[in-house]
Amino acid sequence: MNTMESNRRTQGRAKQWFNQWLARRLPPASKVTLAHKSVFILPTGFGLLWLFLVLLLFLFGTNYQNNLVIGLSLLLLSVFNTCIIYSYRNLAGLTISSKSSPQAYAGETLVFPVRLYAKQPQFSVLINYPNNQVKRIEKVTKESETTLIPFDNSRRGIIFPGRLKIESCYPLGLCRAWSHVDLDNQHLVFATPLDAQERLMHFNNSHDYIANDQGGHIPGVDEFKGLRQHIPGESLKQVAWKQLAQGRGMLTKEFQQPQGQPQWLTLTDLTSADLETKLSQLTSSVNKLSEKRQVFGLIVGDKIIPPSEGESHRINCLQTLALVPANQRLDDE
């Protein structure tokens, strides 16, 4: 038992040393071009077998003084050396850069868009994050190409996918050239939406908002809502004369005003004892209220987001919920 524990500690220290060395050699950057400093090469299993065959043929040729066999062994060795050069060239010059990732919830497979291009054609390039599905790109050219790299994730909050592994065994599979690049593409993942009965009691069976429709809007005069096509017979006071002068046609200005008091979403309104469950329920409530264009605010601990509406407000609320510390005490909510 002690031996196993000692081995694990040794492996842990070795892995930590390797990661620190890799961080110094290949620091995080949103755009990386592979070169001699960032490409590593080792023989594959097939390559080791090839070298063993070369050694066997050479020994056989020298023992029996057979120049033909010796020449064959030297020819196979030169093929192996040539593969080392071509394996390096197949990754050197490859430029990889990260792009913004789409919104995602915990439990979903994240996708990290990565853009690739190279000055010279490169073939059979494999890309993946550790312990995730491998993406194979048959050919990379000077025309930039965006590919989506999957990453399985079950947690909310800021996710670091780790270093992106890029490898290739082109052309003959004798050598494996690879690199580990850090594209510095952390991603904020929202909590998993979970229906909350405590909040759904404000909705009827068809999920239509009831209970005085608090936080909604009705036609009014307070807030400008937008423009719509003018209907003959409507008051000329609401005609958008400026847009008419611009040649956009006859449009009517629409106004609205809030109805009732805005909704407040708080953790204390939920009965679950689990913080993650509460955050998931609030995430679901934020999405539903936003879909119905309701005005609502959010209170999580000391963080208070004033009532508002719209996509930016929804994203702000979901980000706040995603960043709640996992060890936050429920009585501090």
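The values are calculated or read from the model by the stated rules, or taken from the named source; none is laboratory data. Model, not experiment: these values are computed from the prediction. Using ideal geometry, Cβ is built from the backbone for each residue, glycine included, and neighbour counts are taken over all protein chains shown. Just so you know, the surface numbers come from the protein's heavy atoms only, side chains and all, with ligands and any DNA or RNA stripped out. Shrake-Rupley method; radii C 1.70, N 1.55, O 1.52, S 1.80 Å.
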Checklist entry - Taking a probe of 1.4 Å, how large is the accessible area per residue of the chain, in Å²? => result 59 Å²
Checklist outcome for this item: Note to self: Kirkwood Rh of the chain, Cα pairs, one decimal, Å, is 25.7 Å
Item to check | DSSP-loop GluC sites (Glu not before Pro) across region 107-147, with at most 11 other Cβ within 10 angstrom | outcome: Glu143
Checklist entry - Once you put a point 7 Å from the Cα of Gln103 and another 7 Å from the Cα of Leu74, both along the Cβ direction, what distance in nm separates them? => result 6.8 nm
Next on the checklist: If each residue of separation counts as 0.36 nm, what is the full-extension length gain between Glu5 and Asn19 once their alpha-carbon separation is subtracted?
Outcome noted: 2.9 nm
Item to check | Per-pair calculated FRET efficiency, R0 = 56 Å: Gln229 and Phe123 via Cβ, rounded to 0.05 | outcome: 0.50
Checklist entry - Amide H to amide H, which residues 5 or more places from Val300 or on other chains are under 5 Å from it, using H placed in the peptide plane? => result Ile305
Checklist entry - Going down the list Lys278/Lys303; Lys253/Lys288; Lys31/Lys135; Lys31/Lys139; Lys237/Lys292; Lys37/Lys165, which pairs span over 24 Å between their C-alpha atoms? => result Lys253/Lys288; Lys237/Lys292
